[in-house]
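Visitor: Here you go, one structure.
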Amino acid sequence: MRIVGVLLSGIMLAASAGRGQATDPPKVIAAGEWSKSVADNRSRAVRGRLVLCEKVVNADRREVAVYVELQEASEAIGDSSQLYCELGRNDFRPEYKNGLHCKLLDKDGRPVKSAPFFFSGAVPRSQWASLPPDSTIRLRTSPFGIYRPNAMAIAPDMGALWVIEDGDSNKYTLSGTFTVDPAADLVPPGGGHVWRGTIELPPVEITGRRK
């Protein structure tokens with residue numbers, strides 16, 4: 001059995017009625033397959049996948065968040081790996097590769113255009129994550145508080161927002177890459193082995209909610 005460590009970021013939510021309560025945990029609504037394992041120069045391997053969760057705040061407000069799950073997948077037992085996860089990425093130039101980069105494709109494989117949005121709330125912070133042998137961790141990448149009435153608002157980070165209206169029966173796929181490559185002078189608290197690599201995250205199939 002794998003030892004599962006779960007890191008879930010949260011905010012205070014008002015009590016809700018009808019289909020959910022503020023104290024209810026986020027519900028997984030879509031999850032991708034695990035990626036191939038990516039080993040670094042010390043044979044420490046990590047694999048990942050995308051997970052979408054929904055939080056029902058009240059009857060009119062349902063928030064969808066994107067998470068990256070990372071799993072230690074080395075063939076041999078060793079020390080914990082330290083990963084600097086750029087969850088609060090603010091450099092959206094195409095040439096900047098660190099952190100999560102996602103794309104949403106429609107049923108014909110064409111990129112879906114990002115919707116404009118304004119936001120002044122909280123975002124997940126970039127931070128070190130320790131991944132012990134045979135363990136899994138879930139990290140939120142989505143900003144907090146983004147939603148659209150009668151639709152799924154999917155924002156993996158501050159660089160993109162895709163809106164899928166309720167009743168939209170088309171199938172979409174969300175995929176991405178997650179790159180961990182901290183600067184040489186950025187070291188984890190207490191030291192330890194710093195893992196570096198790029199994980200190709202398999203696509204997650206998404207359809208609109210039923211009306």
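The values are calculated or read from the model by the stated rules, or taken from the named source; none is laboratory data. Note that the structure is predicted; figures quoted are calculated from it, not measured. Methodologically, a virtual Cβ is constructed for each residue, glycine included, from the backbone with ideal geometry; neighbour enumeration extends over all protein chains shown.
Visitor: Of the residues in the range 116-132, how many are out of contact with any Ser or Thr (no Cβ under 7 Å at 6 or more places or on another chain), surrounded by 14 or more Cβ atoms within 10 Å (Cβ to Cβ) and either closer than 20 Å to CYS85 by Cβ or among the small types (Gly, Ala, Ser) (or both)?
Guide: Count: 5.
Visitor: Assess whether ARG93 counts as being of a type in the set (D, E, K, R) and under 25 Å from LEU70 (Cα atoms).
Guide: Answer is yes for this residue.
Visitor: Under 19 Å from VAL194 (Cβ atoms) and among the polar types (S, T, N, Q) - does that describe any residue in the range 115-127?
Guide: Scanning the range 115-127, I find at least one residue that is under 19 Å from VAL194 (Cβ atoms) and among the polar types (S, T, N, Q), so the answer is yes.
Visitor: Taking LYS103 as meeting all but one of (1) more than 18 Å from THR207 (Cβ to Cβ); (2) surrounded by 15 or more Cβ atoms within 10 Å (Cβ to Cβ); (3) among the basic types (Lys, Arg), write down the number of the exception.
Guide: Only one criterion in (1) more than 18 Å from THR207 (Cβ to Cβ); (2) surrounded by 15 or more Cβ atoms within 10 Å (Cβ to Cβ); (3) among the basic types (Lys, Arg) is unmet by LYS103, namely (1).
Visitor: Let me ask something else about it. Quick one: what pairs do we get from the range 186-199, first residue more than 19 Å from GLY78 (Cα to Cα) and at pLDDT 95 or above, second part of a loop (DSSP other than H, G, I, E, B) and not acidic (Asp, Glu), C-beta under 7 Å, 6+ apart or different chains?
Guide: ILE199/SER35
Visitor: Enumerate the pairs (first residue in the range 101-123 and without any contact (Cβ under 8 Å) to a residue 24 or more places away in the chain; second residue anywhere and surrounded by 12 or more Cβ atoms within 10 Å (Cβ to Cβ)) with beta-carbon separation below 8 Å, excluding pairs fewer than 6 apart on the same chain, so at least 6 apart or on different chains.
Guide: That search, which allows pairs on different chains as well, returns PRO111/LYS103; PRO111/LEU104; PRO111/LEU105.
Visitor: If I ask for residues that are among the aromatic types (Phe, Trp, Tyr), within 20 Å of LEU174 (Cα to Cα) and buried (at least 19 other Cβ atoms within 10 Å of the Cβ), which ones from the range 45-92 would you list?
Guide: Step one: list which residues in the range 45-92 are among the aromatic types (Phe, Trp, Tyr), which gives 67, 84, 92.
Imposing the further condition that a residue be within 20 Å of LEU174 (Cα to Cα) reduces the set to 67, 92.
Result: TYR67, single match.
Visitor: Given the criterion more than 20 Å from the chain's Cα centre (by Cα), of a type outside the set (Lys, Arg) and part of a loop (DSSP other than H, G, I, E, B), identify the matching residue among SER142, SER169, SER114. Write out each step before concluding.
Guide: On the way: SER142 fails: more than 20 Å from the chain's Cα centre (by Cα); SER114 fails: more than 20 Å from the chain's Cα centre (by Cα).
Result: SER169 is the single residue among SER142, SER169, SER114 that is more than 20 Å from the chain's Cα centre (by Cα), of a type outside the set (Lys, Arg) and part of a loop (DSSP other than H, G, I, E, B).
Visitor: Considering only residues that are of a type outside the set (A, V, I, L, M, F, W, C), touching a strand residue (DSSP E or B) at 6+ places or on another chain (Cβ under 7 Å) and in a loop (DSSP other than H, G, I, E, B), which ones fall in the range 25-74? Steps first, answer last, please.
Guide: Step one: of the range 25-74, the residues of a type outside the set (A, V, I, L, M, F, W, C) are 25-27, 32-33, 35-37, 40-44, 47-49, 54-55, 58, 60-63, 67, 69, 71-72, 74.
Next, only the ones that are touching a strand residue (DSSP E or B) at 6+ places or on another chain (Cβ under 7 Å) stay: 26-27, 32-33, 35-37, 40, 42, 44, 47-49, 54-55, 62-63, 67, 69, 71-72, 74.
Correct list: PRO26, GLY32, GLU33, SER35, LYS36, SER37, ASP40, ARG42, ARG44, SER74.
Visitor: Could you run through the range 172-211 and say how many residues are farther than 25 Å from GLY121 by Cβ and in a loop (DSSP other than H, G, I, E, B)?
Guide: Residues flagged as farther than 25 Å from GLY121 by Cβ and in a loop (DSSP other than H, G, I, E, B) within the range 172-211 amount to 16.
Visitor: Does ALA129 meet the test of being out of contact with any helix residue (DSSP H, G or I) (no Cβ under 8 Å at 6 or more places or on another chain), among the aliphatic types (A, V, I, L, M) and at pLDDT 95 or above? First the steps, then the outcome.
Guide: Numbers: out of contact with any helix residue (DSSP H, G or I) (no Cβ under 8 Å at 6 or more places or on another chain): yes; among the aliphatic types (A, V, I, L, M): yes; at pLDDT 95 or above: yes.
For ALA129, the condition - out of contact with any helix residue (DSSP H, G or I) (no Cβ under 8 Å at 6 or more places or on another chain), among the aliphatic types (A, V, I, L, M) and at pLDDT 95 or above - is met.
Visitor: In the range 21-34, which residue that is exposed (fewer than 13 other Cβ atoms within 10 Å of the Cβ) and closer than 24 Å to VAL123 by Cα is modelled with the lowest pLDDT?
Guide: Among residues in the range 21-34 that are exposed (fewer than 13 other Cβ atoms within 10 Å of the Cβ) and closer than 24 Å to VAL123 by Cα, the one modelled with the lowest pLDDT is THR23.
Visitor: If we keep just the residues of the range 79-111 that are among the small types (Gly, Ala, Ser) and not in a loop (DSSP other than H, G, I, E, B), which is nearest to the chain's Cα centre (by Cα)? Spell out how you get there, then give the answer.
Guide: Initial filter on the range 79-111 (among the small types (Gly, Ala, Ser)): 80-81, 88, 99, 109.
Next cut, not in a loop (DSSP other than H, G, I, E, B) only: 81, 99.
On the way: SER81: 19, GLY99: 10 Å.
It comes out as GLY99.
Visitor: Please find, within the range 35-44, the residue that is farthest from HIS193 (Cα to Cα) out of those that are among the small types (Gly, Ala, Ser) and either at pLDDT below 95 or surrounded by fewer than 20 Cβ atoms within 10 Å (Cβ to Cβ) (or both).
Guide: Filtering first and then ranking leaves SER37.
Visitor: Among the residues of the range 145-166, how many are on the phi < 0 side of the Ramachandran plot, not in a strand (DSSP E or B) and not hydroxyl-bearing (Ser, Thr, Tyr)? Don't jump to the end; show me each part of the working.
Guide: Taking the range 145-166 first, the residues on the phi < 0 side of the Ramachandran plot are 146-149, 151-166.
Now narrow it down to the ones that are not in a strand (DSSP E or B): 146-147, 149, 158-159, 166.
Then keep just the ones that are not hydroxyl-bearing (Ser, Thr, Tyr); that gives 146, 149, 158-159, 166.
Going through the range 145-166 one residue at a time, the tally reaches 5.
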